[in-house]
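Undergrad: Shown below is the structure under consideration.
The values are calculated or read from the model by the stated rules, or taken from the named source; none is laboratory data. This is a predicted model, so every value here is computed, not measured. Positions of Cβ are generated from backbone atoms using ideal geometry, with glycine treated the same way; all protein chains shown enter the neighbour counts.
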Ligand SMILES: Nc1ncnc2c1ncn2[C@@H]1O[C@H](COP(=O)(O)OP(=O)(O)OP(=O)(O)O)[C@@H](O)[C@H]1O
Ligand SMILES: [Mg+2]
């Protein structure tokens, strides 16, 4: 009758739990061999961090949305728009670039949340529409050209800065996801929204909050994109959504959200994605080849993670 | 009786889930034209055994024979084809399909002609089946999601009947049904018997078992204990076999004084909402207020409005200070807790660990400077799980792996941990065994003594009478009678007010 704590539950080795780790190791080993040992070299370390940077920060914000069982298609276009607004802000004063990037991101996130929660439109359709609208605004605003940032800002784009930002965002994300009521409630919503509601979780508010978090993160990434390339174009951010979702799924975050969403997945998935992209660059693949391969990887992960929805419980 | 032939037999059945041994060398013999009761405490393995027979799980080892032939269903559809059908303990209909679609799920082929599904014929047939079992108040085109929990169960019954099974397994369904629903079920069981078919019947209500079953097989902790013939039935013996020790007869309240405290903690005024039509009542401090009525009387909506889940068309729900309650989070800030009747879909996150389910209502309390440390959560849960004797591997186990009664205990633990001053319990003893039931009643008495108030909504009149300070009977959404404890209302008197 008592808790049988003393029973040590042997973890049954389940393909699906180890898949993300296998994937990471597999990708590293594969490219290490085929690139002639260049992937794991000190010279490549900087490239990996750069590659990882956008994905890992994106996934850290995205995991809250996914834990709720939602998706946000608009992160890439929001990042693009925020990069443009950041460039405008930077024109006034370089430091203004940050709020000029983050605030529009938060607003876009709020709109996503509003459409989903108040207008009761599924997050898939809602954010997809927002994606097109934001993209449209960006294209109109840039009017076929591009915006540039003051050259002096490019010197912010250092390895140290990126490293520090990654550490800060990751630890903040980990802390909020694992140890605060907000993170726990996000997972509760994904697990069973009705039960969460009947336990006092304010579903609508939390959903909007998660969209706003992702919006803010997209904005931040817009800023970093600006100091990385110095310009804002219509293509800025166009790869973000695919990379982030792919990383999340590769890491093992289930599309249905809930208790199966683990923070470690965000890190593992991002690293896998970063090594994959970097490895392909080292092998000299063209952009189109890269897209082809990413598409295939994406499909495979979706196929595998979709089955996870049936939730084979791992004890 | 002795010459009845054996219809079904299961031998040496073993089944484990991880480290939990749910069945250990269990056997079962079912004769034709009989109702065999399967009884045992929560987690004793009844649902597991029944699910194996119905093809939902596969046994680890053991053999089964249907009419002398080796029987080994790969899934529940195959069991259906062999003439075995089960009504599950939990809701198992599809919300987004109509009643007709649910009734004929898996049998749509019957209505397909030249590749096209004849929806109208399907609805006609569905109406016929519903009519046949006496549930014609359900329309075949109703979406299941819009039906009450009980009507959903009736649709499941209709589906079972439409298969014309040789063996019907009814797992812990009666407590989800009102009187009319139960009569429908009993009639179906009677008809099965007359047609030479058999029923395996699972319930925690010993009186019901004694009344309806021809023989009783008792399980305890996954072991086969004994099978009793009708002539040997006695409540005392059955209880002893189930629990392994003597258990006292009477577990309701023994006092006959109603609560005299005048302090109002919750007030419902002129409320029209859902099925409720102009309802007013107040709940006092330290009072157990019982609600009873027929299936459609709207008593389940009482819990929903009091918890702010169902918004009122007119009228209001107010707390002690006269502040309105309009949402669950608001109700909780006034220390109100609620357990819905539909436990698996509304009261629990079955896809999450026990720990999360118990802690979710108490995150504000558990967090220190915004941080919830795992150690605090574990201590909180271990304490509650011990108190309520939740049978589980550890608190990381997912709720969906628990037996029905233990799920209910998890839901209770959530609100005990939360420290609710007002508890709204909708059919709290649904699927709970006698041991736990008496624990729950004791707990209610203890809470009452601590000055907490309880709204008890239940299909079980003896329970409502046995536990309440005041009983309110609803009929067609209106209050048709109110009785104080000292008036000693009887079951038959209350029924007069219900119909
Ligand atoms: N899917 C599962 N995974 C893990 N353990 C399970 C699973 N299903 C049942 N169990 C365990 O097997 C045991 C027997 O459960 P079962 O549901 O058969 O009990 P029961 O007799 O039907 O109880 P109740 O009266 O509460 O419905 C319990 O200890 C339960 O926790
Ligand atoms: Mg059961």
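Undergrad: For residue B:254, are the conditions met, namely being without any contact (Cβ under 8 Å) to a residue 60 or more places away in the chain and not assigned by TED's automatic domain parsing to the domain that holds residue B:474?
TA: yes
Undergrad: On to the next question. In this structure, does residue B:214 turn out to be free of Cβ contacts under 8 Å to residues at least 60 places away in the same chain and more than 16 Å from ligand 2 (Cβ to nearest atom)?
TA: Taking the combined requirement at face value, the residue does not satisfy it.
Undergrad: Looking at region B:413-431 only, could you name the residues that are part of a helix (DSSP H, G or I) and out of contact with any strand residue (DSSP E or B) (no Cβ under 7 Å at 6 or more places or on another chain)?
TA: Within region B:413-431, B:413, B:414, B:416, B:417 qualify.
Undergrad: I would also like to ask the following. Looking at B:119, B:115, B:134 in this structure, which one is at positive phi and in contact with a helix residue (DSSP H, G or I) (Cβ under 8 Å, 6 or more places away or on another chain)?
TA: Being at positive phi and in contact with a helix residue (DSSP H, G or I) (Cβ under 8 Å, 6 or more places away or on another chain) holds for just one of B:119, B:115, B:134, which is B:134.
Undergrad: So which residues in region B:331-349 are farther than 21 Å from residue A:180 by Cα and either facing chain A (nearest Cβ under 7 Å) or over 21 Å from the mean Cα position of the chain (by Cα) (or both), if there are any at all?
TA: Answer for region B:331-349, where residues must be farther than 21 Å from residue A:180 by Cα and either facing chain A (nearest Cβ under 7 Å) or over 21 Å from the mean Cα position of the chain (by Cα) (or both): B:331, B:334, B:335, B:336, B:338, B:340, B:345, B:346, B:347.
Undergrad: Evaluate the following for residue B:52: is it away from chain A (no Cβ under 14 Å), touching a helix residue (DSSP H, G or I) at 6+ places or on another chain (Cβ under 9 Å), closer than 19 Å to residue B:171 by Cβ and within 16 Å of ligand 2 (Cβ to nearest atom)?
TA: no
Undergrad: Can you find even one residue in region B:4-18 that is within 14 Å of ligand 2 (Cβ to nearest atom), surrounded by fewer than 23 Cβ atoms within 10 Å (Cβ to Cβ) and over 23 Å from residue B:130 (Cβ atoms)?
TA: Yes - at least one qualifying residue is present in region B:4-18.
Undergrad: Which condition from (1) facing chain A (nearest Cβ under 8 Å); (2) at pLDDT below 95; (3) more than 16 Å from ligand 2 (Cβ to nearest atom) is the one that residue B:369 breaks?
TA: It fails just one condition, (1).
Undergrad: Do any helices (runs of 4 or more DSSP H) entirely within region A:113-205 hold 2 or more residues that are modelled with pLDDT of 95 or more and away from chain B (no Cβ under 14 Å), and if so, which?
TA: Passing ranges, in order: A:123-142, A:159-179.
Undergrad: For region B:311-326, which positions are within 14 Å of chain A (Cβ to nearest Cβ) and surrounded by 16 or more Cβ atoms within 10 Å (Cβ to Cβ)?
TA: B:325
Undergrad: Now for a separate question. Filter region B:284-300 for residues that are under 24 Å from residue B:448 (Cβ atoms) and surrounded by fewer than 22 Cβ atoms within 10 Å (Cβ to Cβ) and give the result.
TA: Hits for region B:284-300 are B:284, B:285, B:286.
Undergrad: Then there's this: Exactly one of these conditions fails for residue A:213: (1) in a helix (DSSP H, G or I); (2) in contact with a helix residue (DSSP H, G or I) (Cβ under 6 Å, 6 or more places away or on another chain); (3) surrounded by fewer than 21 Cβ atoms within 10 Å (Cβ to Cβ). Give me its number.
TA: The failed condition is (3).
Undergrad: Within region B:178-208, which residues are within 16 Å of the chain's Cα centre (by Cα) and either assigned by TED's automatic domain parsing to the domain that holds residue B:392 or buried (at least 21 other Cβ atoms within 10 Å of the Cβ) (or both)?
TA: Once the filter is applied, which keeps residues that are within 16 Å of the chain's Cα centre (by Cα) and either assigned by TED's automatic domain parsing to the domain that holds residue B:392 or buried (at least 21 other Cβ atoms within 10 Å of the Cβ) (or both), region B:178-208 yields B:181, B:185, B:201, B:202, B:203, B:204.
Undergrad: Does residue B:277 qualify as being more than 26 Å from residue B:450 (Cβ to Cβ) and in the same structural domain as residue B:437 (by TED's automatic domain parsing)?
TA: yes
Undergrad: From the list B:348, B:388, B:366, which residue is surrounded by fewer than 24 Cβ atoms within 10 Å (Cβ to Cβ), outside the structural domain of residue B:16 (by TED's automatic domain parsing) and either within 16 Å of ligand 1 (Cβ to nearest atom) or farther than 29 Å from residue B:285 by Cβ (or both)?
TA: B:388
Undergrad: In this structure, is residue B:136 within 16 Å of ligand 1 (Cβ to nearest atom) and not in a helix (DSSP H, G or I)?
TA: Answer is no for this residue.
Undergrad: I would also like to ask the following. Any residue in region A:35-58 that is at pLDDT 85 or above and within 19 Å of residue A:134 (Cα to Cα)?
TA: Checked against the condition, which is being at pLDDT 85 or above and within 19 Å of residue A:134 (Cα to Cα), region A:35-58 yields at least one hit.
Undergrad: Being under 19 Å from residue B:42 (Cβ atoms), within 8 Å of another protein chain (Cβ to nearest Cβ) and either in contact with a strand residue (DSSP E or B) (Cβ under 9 Å, 6 or more places away or on another chain) or in a helix (DSSP H, G or I) (or both) is the filter here, so list the residues in region B:376-390 that pass it.
TA: Correct list: B:385, B:386.
Undergrad: Looking only at region B:57-90, count every residue that is more than 12 Å from ligand 2 (Cβ to nearest atom) and assigned to a loop (DSSP other than H, G, I, E, B) and tell me the total.
TA: Of the residues in that region, 13 qualify.
Undergrad: Looking only at region B:395-409, which residues are crowded, with 20+ Cβ neighbours inside 10 Å and either part of a helix (DSSP H, G or I) or at the interface with chain A (Cβ under 8 Å from one of its Cβ atoms) (or both)?
TA: B:395, B:397, B:398, B:399, B:404, B:405, B:406, B:407, B:408, B:409
Quick grid of which residues meet (1) away from chain A (no Cβ under 14 Å); (2) closer than 30 Å to residue B:38 by Cβ; (3) part of a strand (DSSP E or B); (4) within 16 Å of ligand 1 (Cβ to nearest atom):
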position	(1), (2), (3), (4)
B:196	yes, yes, no, no
B:200	yes, yes, yes, yes
B:252	yes, yes, no, no
B:262	yes, no, no, no
B:265	yes, no, yes, no
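Undergrad: What's the number of the condition residue B:175 fails, among (1) farther than 30 Å from residue B:445 by Cβ; (2) within 16 Å of ligand 2 (Cβ to nearest atom)?
TA: (1)
Here's the yes/no breakdown for (1) farther than 26 Å from residue B:203 by Cα; (2) out of contact with any strand residue (DSSP E or B) (no Cβ under 6 Å at 6 or more places or on another chain):
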| residue | (1), (2) |
| --- | --- |
| B:367 | yes, yes |
| B:373 | yes, yes |
| B:404 | no, yes |
| B:407 | no, yes |
| B:438 | no, yes |
| B:447 | yes, yes |
| B:458 | no, yes |
| B:464 | no, no |
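Undergrad: Working only within region B:343-360, note down all residues that are touching a strand residue (DSSP E or B) at 6+ places or on another chain (Cβ under 7 Å) and either assigned to a helix (DSSP H, G or I) or within 19 Å of residue B:333 (Cα to Cα) (or both).
TA: Matches in region B:343-360: B:347 only.
Undergrad: For residue B:205, which of the numbered conditions (1) farther than 24 Å from residue B:165 by Cβ; (2) within 16 Å of ligand 2 (Cβ to nearest atom) fails to hold?
TA: (1)
Undergrad: Give region B:19-33 a look and list any residue that's crowded, with 21+ Cβ neighbours inside 10 Å and more than 16 Å from ligand 2 (Cβ to nearest atom), or say none.
TA: B:30
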